[in-house]
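Written below as structure tokens is the structure these notes are about.
The values are calculated or read from the model by the stated rules, or taken from the named source; none is laboratory data. All of these numbers come straight from a predicted model, not from anything done at the bench. Methodologically, a virtual Cβ is constructed for each residue, glycine included, from the backbone with ideal geometry; neighbour enumeration extends over all protein chains shown. These area figures cover heavy atoms from the full protein model, side chains too; ligands, DNA and RNA do not enter into them. Shrake-Rupley method; radii C 1.70, N 1.55, O 1.52, S 1.80 Å.
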Amino acid sequence: MFNWRTIGFYVLPLLLAVAVMAGVRFKTDISAFIVAGDNAEEILLASEMQSGALSRRYLIAVDAKPPQAAIPEAFMQTLKSQLKAIDGVTDVWSPEDHAETSETLLALYGPHASAWYSLDPKHDLAGLFSGQGLQGRAELLKKALLSPQSTLVKKIAAQDPLLLSLAAFKTQGLAMQQAGKASGAYRNLILETAMPGLDAPQQKRIQTAINKAFNRINHTNQVLAAHYQLSMTGVPVFAVTTQTLIQGDIQVVSLLSTIGLLALFLLVFRSSHALLQVSGILFVAILTAILATQAVFGYVHGMTVAIGSTLVGICIDYPIHAIAHAQTVKPEHRLPTIAKIWPSMVLGGITTLIGYMALGASGYPGFKQVAVFAASGIIASLLLTRFVLPGLVKNQTNKPLNVPFVGQWAVFCQRFRPVLLGVLAVISVASLFGLSSLHWMTDMQELTPELNYLKQNDQRIRGRMTSIEPGRFVLVADKTIEAALQRSEAVYKVLDQLKHSHHLDGYYPLYPWVLSQRQQQLNQTVLQGYLNPENLVRWRQALTQQGLSVEKLGHFNYPQSSAMTFEQVLAAPVKKLLDNRVIQSKDQTLIMIWLAGHHPEAVKAALVKMEGVQYFSQRDVLNTMTRDFTERAQQLLSAGLVLIILLLMARYKSPLKTAQTLLPAVLSAVIVLGFWSSTGVAISFLHLVGFLLVVAICVDYGIFYQENRGGDSVLTYQAMGAAMLTSALAFACLMVSESTSLKILSGVVVMGVVLGYLLCPIIIKPKRPSAT
């Protein structure tokens, strides 16, 4: 006769697996796990990392080997042509390209010369229309007409004889393009893709295509090819590398933790039936957690799965306790036995949930997913253990649990309990004093040393392409693009003052590429006041002295024109110089003014009184987030402890029992924290998160050992030992990951749960449970 409950239990994981494969969207975008935004600057950081123009661009460097060799222009032109042909690539250009820009200047800005010439028209026009000013402008016009660019200058001068349209670009606009001049030993390219930089699968395909195109061109001429080397940087490069690391971590950690835990379980229980039953509970719990996370967030992050795989060691605790107690009694008593220890499981599950819920509230975005993932898995495991497992184990043969050395340790602790309590007190006090020497991590980048080689490569390539300091700029915010441009134009004056005081080497404004409509109207109004007959006579005299044609150039034909909008500018090829510095949403516009070398404190002080303007540093923002997460983790660690204390007090109605139950968890966290402080290793908020998990997990041990509902303290401690080994093994598997963050969690939790388990028989003197 078929047992439909048993058949359904073993079919359920398969059905859930199909649901996961069909309906779950997995993401590996690391910023979605780490970075969130509560204010303008954090939103900017998250936005740019995820889908901004900068995130879609590669900086590509081609080096000659040895450096004395030169890279032919023909080689670079062929490479650009090949790269543009890659599916998903929208454009490829060199930072030093000027031909297209010259034509753009004439077509786009020429008709608006009277509106575009200055940020300070009163000062500039006063100088221009002075006697020497007009003479100087006529000399400049003559030199320009005799220069190699004479063809372009003639076109401009025909409608703008004063060369107003080029005045702004003379010192600022072209400097933007010339920010990085290539030497003969290396050449630079910028490649833009249609896909967001954090679309790792597509960007990985594009990166493979870039390398193939370069290698293909190299091999067409073996004599020259061996001397060239391609390297690239940009958000897509970091995204693909991070995804590769995460995928590797998921595969290795999940495989090791699952195989290791199942092997450990089989070794401890020596029963294939028990192994299948616990495996079923385990898979249902994990798959349920994945589906629940998908339902809440709309996707499941790879890091959630990697960290969530440690949940295996927690979810397996409940069936371990159930099977350990059930196998010591007759089949007809197994259901009542599991029901008897059920209250301890529920209390232990709640305390663990408190830890994970506090983890989700820590402010670390990805841990919100981990909290939902863990809560779903724990609840599923508890329910299956109570209502499904008893029916599966009722006819199994008895095989007592046997965890090596556990019994000997319990006996040793009972025999020498006073001495061990004294030693524990000394160690605990020493650990508390050691906390004063804690060194807190202040730079969030210390959490990703595995990416240092990419950061060094990025610094090398950017350092020779531009003098801009990456990640540092002035951020201007307002409701509309027009208001933001007006605010930016006020900032330029402040930055000019900083340049004159040598606190700023230079900056790269949106002007002259973009100008507010208010400033355009002001420029035209002021200019019209100078276009009088007297100044026209003086201009013609200056032209005559330079031998230039008065007939062709001796006029002031500057009619009033409508202001050019930001959208019109973006419709021109200069868009690629602007769209990575302007972020527009429905309710807000953000403008970035890039800075060259500068003194941050001086820049901050100069801008402090300007509304909607602030100095922005990506590193400072990340470090501020780290500090906030650390403070929040400290608060949540305390709040979690208080909540667990209240829960235990409500259960035991005894301060002594509550303290005994909680002390193994608390002291293990204190001792481990004291150990970390003695090593001099910087403590991050991830360490505190680890301690929160240690407390949540180890309180379970205190509850089971304190309540001892099965009536056999030796058996209870044996079951606790198996549970401890599974938790320690699950978190230990994180040590093989490439992620420093996961390794930190692993080290803290493994040390904490082992120590918390060992402290239980020292601190708690077990008693037989009451009839209730």
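Which value, in debye to the nearest 20, describes the size of the charge dipole of the chain about its Cα centre when Lys and Arg Cβ atoms bear +1, Asp and Glu Cβ atoms bear -1, and nothing else is charged?
Numbers: 61 positive and 46 negative charges, 364 e Å.
That gives the chain a dipole magnitude of about 1740 debye.
Give the share of C-alpha pairs in each 10 angstrom bin for the stretch 109-161, from 0 to the last occupied bin, in whole percents, shortest bins first.
23, 47, 30, 1
Going by alpha carbons, how many degrees (0 to 90, nearest 10) lie between the helix axis of 713-732 and the longest principal axis of the chain?
It works out to around 20 degrees.
Each label point is 7 Å from the Cα along the Cα-to-Cβ direction; what then is the distance between the points at Glu73 and Val550, in nm?
The answer from the label model is 4.2 nm.
Charges only on Cβ, +1 for Lys and Arg, -1 for Asp and Glu: so what's the dipole of the stretch 413-533 about the Cα centre, in debye to the nearest 20? Spell out each step's value before the answer.
On the way: 12 positive and 10 negative charges, 65 e Å.
Using Cβ point charges on Lys, Arg, Asp and Glu, the stretch 413-533 gives about 320 debye.
Please give the contour-minus-distance gain from Ala85 to Asp587: 0.36 nm per residue of separation, less the Cα-Cα distance, rounded to one decimal in nm.
Values: separation 502, 0.36 × 502 = 180.72 nm, distance 3.73 nm.
Answer, rounded to one decimal: 177.0 nm.
Set the Förster radius R0 to 45 Å, insert the Cβ-Cβ distance between Gln414 and Glu631 as r into 1/(1 + (r/R0)^6), and round the FRET efficiency to 0.05.
On the way: r = 42 Å, r/R0 = 0.93.
Rounded to the nearest 0.05, the efficiency is 0.60.
In square angstrom, rounded to the nearest 10, how much accessible surface does Leu454 have for a 1.4 Å probe?
My reading of the accessible area for Leu454 is about 20 Å².
Using only Cα atoms, what Kirkwood radius does the stretch 312-419 have, in angstroms?
Details: mean 1/r = 0.0630 Å⁻¹.
It works out to 15.9 Å.
Suppose accessible area is computed on protein heavy atoms with a 1.4 Å probe; arrange Met751, Met303 from highest to lowest.
Numbers: Met751 70, Met303 15 Å².
Listed by decreasing accessible area, they come as Met751, Met303.
Which net charge results for the neighbourhood of Thr726, defined as the other residues with beta-carbon distances under 15 angstrom from its beta-carbon, given Lys and Arg at +1 and Asp and Glu at -1? Don't skip to the answer; put the middle values down first.
Details: positive: none; negative: Asp317, Asp700.
Taking every Cβ under 15 Å from that of Thr726, the sum is -2.
Roughly what would the spin-label model give for Ala17 and Lys142, points 7 Å off Cα along C-beta, in nm?
Once both label points are built, they end up 8.7 nm from each other.
Among Ala85, Tyr492, Leu163, whose Cα lies farthest out toward the positive end of the dipole of the chain, if unit charges sit on the beta carbon of Lys, Arg (+1) and Asp, Glu (-1)?
Ala85
Which value, in Å², gives the accessible area per residue of the chain when a 1.4 Å probe is used on the protein heavy atoms? Don't skip to the answer; put the middle values down first.
Numbers: 33310 Å² over 772 residues.
The answer is 43 Å² per residue.
Using a 1.4 angstrom probe with every protein chain in place, what is the largest-first accessible-area order of Leu347, Leu291? Present the calculation step by step, with values, prior to reporting the outcome.
Numbers: Leu347 5, Leu291 50 Å².
Sorted descending by solvent-accessible area, the residues read Leu291, Leu347.
If I ignore ligands, DNA and RNA and count only protein heavy atoms, how much of Glu73 is accessible to a 1.4 Å probe, in Å² to the nearest 10?
Its accessible surface works out to 90 Å², give or take rounding.
Just to verify a number: what accessible area does Tyr701 come out at with the full protein assembly present, 1.4 Å probe, Å² rounded to tens?
0 Å²
Could you list, in their original order, any pairs among Lys330/Lys657; Lys499/Lys609; Lys122/Lys604; Lys84/Lys155 whose Cα atoms are separated by more than 26 Å? Don't skip to the end; give the middle numbers.
Numbers: Lys330/Lys657 32 Å; Lys499/Lys609 19 Å; Lys122/Lys604 29 Å; Lys84/Lys155 32 Å.
Over 26 Å Cα-Cα: Lys330/Lys657; Lys122/Lys604; Lys84/Lys155.
Taking all protein chains as present, what is the carbon and sulfur share of the accessible area of the chain, in % to the nearest whole number, probe 1.4 Å? Numbers along the way, then the final one.
On the way: 20370 of 33310 Å².
Ligands and nucleic acids excluded, carbon and sulfur give 61 percent.
Report the FRET efficiency, 1/(1 + (r/R0)^6), for Leu646 and Ser437, where r is their Cβ-Cβ distance and R0 is 35 Å, rounded to 0.05.
0.65
Here are labelled values, (1) 2, 12, 18, 18, 15, 12, 9, 7, 4, 2, 1, 0; (2) 2, 13, 22, 23, 19, 12, 6, 2, 0, 0; (3) 3, 13, 23, 26, 20, 11, 3, 0, 0, and one is the computed P(r) over Cα pairs in 10 Å bins from 0, in percent for what I pasted. Which one?
After the calculation, the listed value that fits is (1).
Mind listing the Cα extents of the stretch 632-772 along all three principal axes, in Å, largest one first?
51, 30, 21
Set Lys and Arg Cβ to +1 and Asp and Glu Cβ to -1, take the dipole of the stretch 196-343 about its Cα centre, and tell me which of Phe297, Ser272, Val329 lies farthest positive.
Farthest towards the positive end: Ser272.
Near the amide H of Val514, under 5 Å away, which other amide H atoms are found, from residues 5 or more places off or on another chain, if H is placed in the peptide plane?
For Val514, no residues qualify.
Let me see the P(r) profile for the stretch 548-691: every Cα-Cα distance counted, bins of 5 Å, each bin given as a percent of all pairs.
Result, from short to long distances: 2, 6, 8, 10, 9, 8, 9, 8, 7, 7, 6, 5, 3, 2, 2, 2, 2, 1, 1, 1, 0 percent.
Considering only protein heavy atoms, with the full assembly of protein chains and a 1.4 angstrom probe, order Arg205, Arg538, Arg627 by accessible area, largest first. Don't skip to the answer; put the middle values down first.
Details: Arg205 85, Arg538 65, Arg627 120 Å².
From most exposed to least exposed: Arg627, Arg205, Arg538.
Give me the log10 of I(q) over I(0) for the stretch 659-706 at q = 0.15, 0.29, 0.31 Å⁻¹, as the Debye formula computes it from C-alpha points; what are the numbers?
Relative scattering, expressed as log10 I(q)/I(0), comes to -0.40, -1.01, -1.08.
Can you give the calculated 222 nm mean residue ellipticity of the chain, where each DSSP H run of n ≥ 4 adds -39,500 (n - 2.57) and the sum is split over every residue, rounded to the nearest 500 deg cm²/dmol? Write out the running numbers ahead of the final one.
Details: 36 runs with 498 residues, N = 772.
One gets -20500 deg cm²/dmol as the mean residue ellipticity at 222 nm.
Give me the number: length gained by fully extending His219 to Leu454, i.e. 0.36 nm times residue separation minus the C-alpha to C-alpha distance, one decimal in nm. Can you show the working numbers first?
On the way: separation 235, 0.36 × 235 = 84.60 nm, distance 2.67 nm.
Full-extension gain reported as 81.9 nm.
Taking +1 at the Cβ of each Lys and Arg and -1 at the Cβ of each Asp and Glu, which of Ser381, Phe26, Ile7 sits farthest along the dipole of the chain towards its positive end, judged by Cα position relative to the Cα centre?
Ile7
Can you list the HN-Hα couplings for the stretch 401-408, worked out from phi with the Karplus curve (6.51, -1.76, 1.60; θ = phi - 60°), rounded to whole Hz and with x for Gly and Pro?
Each residue's phi maps through the Karplus curve to give 5, 9, 9, x, 6, 5, x, 5 Hz.
Could you compute the net charge surrounding Leu245? Neighbours are other residues with a C-beta less than 10 Å from the C-beta of Leu245; K and R count +1, D and E count -1. Numbers along the way, then the final one.
Numbers: positive: none; negative: Asp249, Glu450, Glu738.
That sum, taken over residues with Cβ under 10 Å, equals -3.
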